[in-house]
Amino acid sequence: EKLKEEKQQKEEMSQNAETQQTAKLFSLWSPMRKVAAVAAVLVVSGITFAAIHLVTRSHQPSDNSNTELVASQKDSIQQVSAPQKSNIEEKTDSASLAQLPLVYENAELQNILTPIVGHFHLQVTYQNESARHIRLFLQLEKNMSLDDIIELLNHFEKVNIRHEGQTLIVE
């Protein structure tokens with residue numbers, strides 16, 4: 001009988017130990033702990049994203065001090081950034097557009113072409129006077145050549161420009 005009692009006590013103890021371990025596991029992952037774990041992961045992720053964002057932003061060149069806006073009477077023309085002065089001579093074919101307005105919003109074609117032909121030392125001829133007043137939204141890049149600009153402008157339905165010698169002909 002003593003052996004039976006001892007055996008029962010051992011079994012009860014082992015069952016109690018199992019239930020205690022199970023209870024500990026369940027309390028370890030209670031709903032509040034799960035919410036806290038998710039919140040901690042989100043906070044760490046946010047901090048990591050902010051740190052990466054700050055590092056990548058700090059390595060990009062900043063031209064905030066060289067930004068200018070240029071406006072004409074009825075048109076909105078913006079110069080995105082003013083160029084730094086350099087001693088490099090420019091060729092007429094692939095001259096940099098750094099000194100030209102780069103973004104034209106609802107601007108007339110003549111107001112777009114005037115600084116471009118001045119920059120490339122050309123003249124412009126309009127075969128149709130109404131073509132002067134075609135309004136366009138246009139964005140140029142600093143490394144565009146004259147041929148690139150003409151090709152970009154010719155993508156517009158009402159614009160047809162060709163380059164002959166020192167003259168741009170607008171049809």
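Some observations on this one:
- Built amide H within the under 5 Å cut-off of Met144, gap 5+: Leu97
- The length gained on full extension between Asn106 and Ile47, counted as 0.36 nm times the residue separation minus their Cα-Cα distance, comes to 17.0 nm.
- J(HN,Hα) series, the range 118-133, from Karplus relation 6.51 cos²θ - 1.76 cosθ + 1.60, nearest Hz, glycine and proline x: x, 5, 8, 6, 10, 10, 10, 10, 9, 7, 10, 5, 5, 5, 4, 9
- Computed from the Cβ-Cβ distance with R0 of 22 Å, the FRET efficiency linking His155 to His121 stands at 0.35.
Just so you know, all these numbers are worked out from the coordinates, no wet-lab data involved. Bear in mind that the values here come from a model prediction, so they are computed numbers and not experimental data. Using ideal geometry, Cβ is built from the backbone for each residue, glycine included, and neighbour counts are taken over all protein chains shown.
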